[in-house]
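Let me begin by presenting the structure, written as structure tokens, before commenting on it.
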Amino acid sequence: MPQESKEDRHDRELIELLNELRVALPGVQVLFAFLLIVPFSNGFPKLSAFDRDIYFVAFIATAVSTVLLIAPSSYHRLRWRQHDKERMLVISNVLTIAGLAALAVAITATVFMLTDFVFHRAWANVFTAIVAVLFLVFWYGLPLGAAIRDRRRR
């Protein structure tokens, strides 16, 4: 198999990043749309003050996630043809990781708010903890565990 040039590697990594963002962005957009209409629904006045605070955390975390996950596209457009791909990939990687973390916070907060509203606080605590653990294990634990194992092998 031929050796991949630095430029080819950057092109491949950029395509991989964009494909990953194409997976994450629709979920963020749907969650943001849902959270935008919640205050205008009939049930919103029935939320406790605590649930409204949790709603606000979810709403802001979704907005932050949207900003961070779309930022690589903006960076790419503004730095187009500036021979800046490697820096763009490093920055975009950090932005994407931070955007996914904000998305995890947003989803976890939304799970709490909805479960607390529909059922009660005890169930909200249980299912929110389960969702938070799932995010930690599958979004961070697996890849970081693999990175640690790879470093030990070297």
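Among the candidates ALA98, ALA71, ALA122, the residue that is of a type in the set (A, V, I, L, M), closer than 25 Å to ALA33 by Cα and modelled with pLDDT of 95 or more is uniquely ALA98.
Can you give me the number of residues within region 76-121 that are closer than 18 Å to PRO26 by Cα, of a type in the set (S, T, N, Q) and open to solvent by 50 Å² or more (accessible area, probe 1.4 Å)? Qualifying residue count, region 76-121: 0. Just checking, how many residues over region 5-37 are open to solvent by 80 Å² or more (accessible area, probe 1.4 Å) and not in a helix (DSSP H, G or I)? Qualifying residue count for the region: 0.
Here LEU89, LEU95, LEU134, LEU114 are screened, and the one residue that is in contact (Cβ under 8 Å) with a residue 60 or more places away in the chain and either assigned to a helix (DSSP H, G or I) or not β-branched (Val, Ile, Thr) (or both) is LEU89.
So is ALA49 more than 14 Å from the chain's Cα centre (by Cα) and either closer than 19 Å to ALA104 by Cα or open to solvent by 30 Å² or more (accessible area, probe 1.4 Å) (or both) or not? Against the criterion (more than 14 Å from the chain's Cα centre (by Cα) and either closer than 19 Å to ALA104 by Cα or open to solvent by 30 Å² or more (accessible area, probe 1.4 Å) (or both)), ALA49 qualifies. Quick one: in region 122-140, which of the residues that are surrounded by 13 or more Cβ atoms within 10 Å (Cβ to Cβ) and of a type in the set (Gly, Ala, Ser) is farthest from LEU100 (Cα to Cα)? Applying the filter and picking the extreme gives ALA124.
The values are calculated or read from the model by the stated rules, or taken from the named source; none is laboratory data. Because the structure is predicted, anything quoted here is derived from the model rather than measured. As a convention, Cβ positions derive from the backbone with ideal geometry for all residues, glycine included, and neighbour counts pool all protein chains shown. Surface accessibility is based on the protein's heavy atoms, side chains included, excluding ligands, DNA and RNA. Shrake-Rupley method; radii C 1.70, N 1.55, O 1.52, S 1.80 Å.
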